[in-house]
1. Check whether at least one residue in segment 120-132 is of a type outside the set (Asp, Glu), under 30 Å from Thr176 (Cβ atoms), at pLDDT below 95 and not assigned by TED's automatic domain parsing to the domain that holds Ile420, and report yes or no.
2. Under 6 Å between Cβ atoms, at least 6 apart or on separate chains: pull out the pairs that start in segment 182-193 with a residue that is loosely packed, with under 15 Cβ neighbours inside 10 Å and end on any residue that is assigned to a helix (DSSP H, G or I).
3. With the checklist (1) closer than 26 Å to Leu319 by Cα; (2) out of contact with any Phe, Trp or Tyr (no Cβ under 9 Å at 6 or more places or on another chain); (3) in contact (Cβ under 8 Å) with a residue 24 or more places away in the chain in hand, flag the one item Arg149 doesn't pass.
4. I need a count of the residues in segment 242-298 that are of a type in the set (Gly, Ala, Ser), within 15 Å of the ligand (Cβ to nearest atom) and part of a loop (DSSP other than H, G, I, E, B).
5. Can you find a residue that is under 29 Å from Lys129 (Cβ atoms) and touching a Leu at 6+ places or on another chain (Cβ under 7 Å) anywhere in segment 177-189?
6. Name, by its number, the condition in (1) within 16 Å of the ligand (Cβ to nearest atom); (2) in contact (Cβ under 8 Å) with a residue 60 or more places away in the chain; (3) in the same structural domain as Phe263 (by TED's automatic domain parsing) that does not hold for Met72.
7. If you take the residues of segment 374-404 that are more than 21 Å from the chain's Cα centre (by Cα) and of a type in the set (Gly, Ala, Ser), which of them is nearest to Gly47 (Cα to Cα)?
8. Are any of the residues in segment 172-183 in the same structural domain as Pro279 (by TED's automatic domain parsing), assigned to a loop (DSSP other than H, G, I, E, B), farther than 21 Å from Ala292 by Cβ and within 15 Å of the ligand (Cβ to nearest atom)?
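The values are calculated or read from the model by the stated rules, or taken from the named source; none is laboratory data. As the structure is a computational prediction, the values presented were derived from the model and not from experiment. Don't worry about glycine lacking a Cβ; one is built from the backbone with ideal geometry, like all the others, and counts go over all protein chains shown.
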Amino acid sequence: MQTRSYPKSEALMARARKVIPGASVGVVRVAPAGMYGHYALDYAAAGYPRYFERAAGSRFWDVDGNEFIDYMCAFGPMVVGYAHDSIDNAAIAAFRKGNTVSIAAPVMIELAEKLLELVQPFTWAFFSKNGGDATNQACMVARFATGRRKIVVVNGCYHGTVQWMQAPGSPGTLDTDTADVLHVDWNDVDGLEQLVSEHRGQIAAFFSSPYHHPVLVDNEMPAPGYWSKVEKLCRKEGIVLVLDDVRAGFRASLHGSHRYFGFTPDLICLGKALGSGHPISALLGTDALRDAVSTVFVTGTHYYNSGPFAAAIETLRVLQEGDGANRMLAIGTRLAQGLVASAKRHGFDLRITGLPSMPFLRLANEPNPVLTEGPQALHTGLHAKWIRSMVQQGAYFSDFHNNFVSAAHTEEDLSRTGEIAEEAFAKLAREQ
Ligand SMILES: Cc1ncc(COP(=O)(O)O)c(C=O)c1O
C-alpha cells in the first residue's frame, strides 16, 4: 500500500507557526480548543498534508509531491475543477483591464442580471466577498426592515464568524452579541412555533441552510412538509425567511437549493461555488426588502473587483451548460454506492447523509466519539482512522465536515477511490 508522508508540509508548518498563529488562516488553520465551538482541529496530527503546490481538475498536489483526488473541493468553491481554463481566463481578462478601479465595471451588472434570471423569485442582488458577509448583511436587512432585534438560528448551523453567529461565550465575543439570537433544533416546527409565540413581534428573521449540514454529526434532510410549515409561519408572523445557501448553493440546483427543496425564502445568501474559487458572495432578495438593503450600510474596499464577477458569470455558464448540479448529484450517488458496498465487504457500516453532492460520511460500527466523549475526540476513533488511511493513499476526505464532489470528478477518480477504499477497509479490518 502506497502511503503519503509530509516532511516539507511539516517543515513549512513549523516555520508558519512562528509567524502565523495556527500556521494558516481560514478554515485550514490549526484551531485550539475554544475556537469552532470548543473543539480542536489539527490536520497535521490527523495525518493530512498542509500546503499545496498546485491543483488541476479534481486533484491537488501537495508540497511533498503527493497527489490527491480531492473530495473537499476547497470546502465548497471548487465546483467544476481547479484551474478551470475558461473561468480563470475570464477572471484574468477582467484583471488585466483593471480589477479594482475607482468605479465599478459593467460586469457586476451582468452578473446580477444572470443570477436573477437563474435564481428566482428575487429582484435584486448585492455582492460581497465571503459567505459571512452575505449572511451578516441579511441579518442587518431583516432587522432594519422589520424593526425587530431577534434572530432564530438552528442548533449546529454555521453562518460565519461575525460575533452574533458564534456560540454564546465564544472567545472575544460579548454576551450582548448573542443575547438576541434564539436557537431551535433542526426539523422542529413545534419548537419554532413555541419560540415565535414566546417572542411574538420581536423576531426579525429565521436563518437556515436548506437542509441540516452541521459538522461532526450526521446531516439531516428536511422532514416532509417542514419547509412549507416554516414558510407559512414566517409569512404569518412577518419574519424574514433567510436561506443560507452558501455551502449547498449550486450543488443541489442551479436555481438555488429552495427550488430543489420546494419553498421560497425572502433572502438567499450565496458564496463558495459562485466564483469557483474567485472571491465573491451574493445576497439576493425580494422587492419587499429592496428599500432595506438600499438603506443599511455595508461596504468593502474589494467588493467591486471585476475579476471575480467575470469568474462567477463564467462559472454559472459552465454549470448551466454541463448541467453541473445534476452531474454532481449523480457522481456523489455513485461515490456513495461504491464506498458503502466496499465497507460492507469488510464488515463495516458506512452511513452517508446529506446531499449526494455534499456527503457526510461516518463509520457507524462504533458510536460517534464526538457524541460519547465530546468534541475533543474529533480526530480519534474508527472513522477518523479510516479517513486518515484514505488520505494517506491519496483520496482527500474530511473526518469532521461534509465532503464535496465536483462536476470535474471523473470515472477514473471514482474507480481509483474505490480501490483506495478497498485497501483502507481491509487494513482497518486487519487492525481490529
Ligand atoms: C452554510 C454556511 N454559511 C456561511 C458560511 C460562511 O462563509 P465564509 O466562510 O465564506 O464567510 C459558510 C462557510 O463555511 C457556510 O458553510
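1. no
2. Going by the 6 Å Cβ cut-off, the qualifying pairs are Asp185/Gly191.
3. For Arg149, the failing item is (1).
4. Number satisfying all stated conditions: 7.
5. yes
6. Here Met72 clears every test but (3).
7. Ranking the candidates gives Ser389 first.
8. No, segment 172-183 contains no residue that is in the same structural domain as Pro279 (by TED's automatic domain parsing), assigned to a loop (DSSP other than H, G, I, E, B), farther than 21 Å from Ala292 by Cβ and within 15 Å of the ligand (Cβ to nearest atom).
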